[in-house]
Amino acid sequence: MTETVTAPQGGLHRLGIALFGGALALGAITLAHAALPRPEPIAPAPVVQPAPEPVVLVAFQSPLPDHAINSPFGLRQMPWEDAGRLHAGVDIAAPFGEPVLAAADGVVTAAGSAPGYGRMVEITHAEGLVTRYAHLGAVAPGLRRGQAIKSGHPVGEVGSSGVSSGPHLHFEIRDRQDRPLNPLYFLGRRFTEAQDLPVLAAAKVSPRVRMAQVSNIPESKRDLMVAKGLIEAGD
Ligand SMILES: [Zn+2]
């Protein structure tokens, strides 16, 4: 045995030499060498880039997160009307005074009163999308046209101003041509590109007319109801 073993594997080698003699031991050493893990070439550590945050064009959340929609977008016939008419938004019933929140980042483009809507706030968002918050009991103090507003900030409180049959929020989303869009296509969703906005689908109106269930007839509609014989004067 002239071969010099330099690798530190004494125990195994000695066992091999004692049992099988020189030639076999040489084989054992060769095998042991083959079994040694080869040092891996040291590759440069890959540079881990954090995944880029998706750029959010616009994200919508409910203006009254703890309350459900109780009257959807679509054709609706009120008891004092002869035919269905587009309910251009959704109604969310909530108690008087409940804070109404901005549904997305934007700029306040109206804060005041409008016929039918009563006290209302309008916000314009990315791509000209507009949200409206109507029948408010009050507009948030200090809220002014032209001011930037973040999603989730209060725009006012729930009321029953304008043509309304009880405390609720009438909430609309419109496109830049002022076409009403079904808010259900937007609430709880975020969009990264303008082409992802479901504007065409959301603008579709089903031909089905729903009869509205109204528990309190608005004062302004009472005379009409009486004239039609739908209610008795004084109801
Ligand atoms: Zn409504």
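Each reported figure results from applying straightforward, stated rules to the coordinates on display, with no laboratory input. Note that the structure is predicted; figures quoted are calculated from it, not measured. Positions of Cβ are generated from backbone atoms using ideal geometry, with glycine treated the same way; all protein chains shown enter the neighbour counts.
Here are the numbers for the structure shown:
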{"quantity": "Residue-count net charge about ALA68 - beta-carbon cut-off 14 Å; Lys, Arg +1, Asp, Glu -1", "calculated": "-3"}
{"quantity": "Where N is the number of residues in region 60-139, Cα Rg divided by 2.2 N^0.38 Å", "calculated": "1.16"}
{"quantity": "THR109, THR131 arranged by Cβ crowding within 10 Å, fewest neighbours leading", "calculated": "THR109, THR131"}
{"quantity": "In order through region 88-98: 3J(HN,Hα) via Karplus (6.51 cos²θ - 1.76 cosθ + 1.60), integer Hz, x for Gly, Pro", "calculated": "7, x, 10, 9, 10, 6, 7, x, 3, x, 4"}
{"quantity": "Those residues of region 91-121 whose amide nitrogen sits under 13 Å from the label point placed on LEU184, 7 Å along Cα→Cβ", "calculated": "91"}
{"quantity": "Region 58-227: Rg to Rh, with Rh as the Kirkwood radius over Cα pairs", "calculated": "0.96"}
{"quantity": "Residue-wise HN-Hα coupling along region 167-175, computed from phi with Karplus coefficients 6.51, -1.76, 1.60 (Hz; x: Gly, Pro)", "calculated": "x, 6, 9, 9, 10, 10, 10, 10, 8"}
{"quantity": "Considering only region 77-235, percent of DSSP beta bridges that pair antiparallel, nearest 5", "calculated": "95"}
{"quantity": "Residues with amide H under 5 Å from that of THR109, placed H, sequence gap 5 or more", "calculated": "GLU122, ILE123, THR124, GLY146"}
{"quantity": "Test item: Cα-centred dipole of region 54-111, Lys/Arg +1 and Asp/Glu -1 on Cβ, debye", "calculated": "120"}
{"quantity": "Other-chain or far-sequence residues with amide H under 5 Å of HIS87's (modelled H)", "calculated": "GLY74, LEU75, ARG76"}
{"quantity": "Neighbour-count ranking [beta-carbon atoms within 10 angstrom, fewest first] of GLU81, GLU172", "calculated": "GLU81, GLU172"}
{"quantity": "5 angstrom amide H check on LEU181, placed H, neighbours 5+ away", "calculated": "ILE173, ARG174, ASP175"}
{"quantity": "Spin-label zone in region 80-107 - amide nitrogen under 14 Å from a point set 7 Å from the Cα of ALA138 along the C-beta vector", "calculated": "96-100"}
{"quantity": "3J(HN,Hα) from dihedral phi, region 210-216, Karplus parametrisation 6.51/-1.76/1.60, rounded to Hz, x for glycine, proline", "calculated": "9, 7, 6, 9, 10, 7, 10"}
{"quantity": "Selection from SER151, LEU200, HIS67 lying farthest towards where the dipole of region 58-227 points positive, charges on Cβ", "calculated": "LEU200"}
{"quantity": "Region 183-231 - convex hull of the alpha-carbon atoms, volume per residue in Å³", "calculated": "143"}
{"quantity": "Lys, Arg +1 and Asp, Glu -1 on Cβ, resulting dipole of region 140-235 about Cα centre, debye, nearest 20", "calculated": "340"}
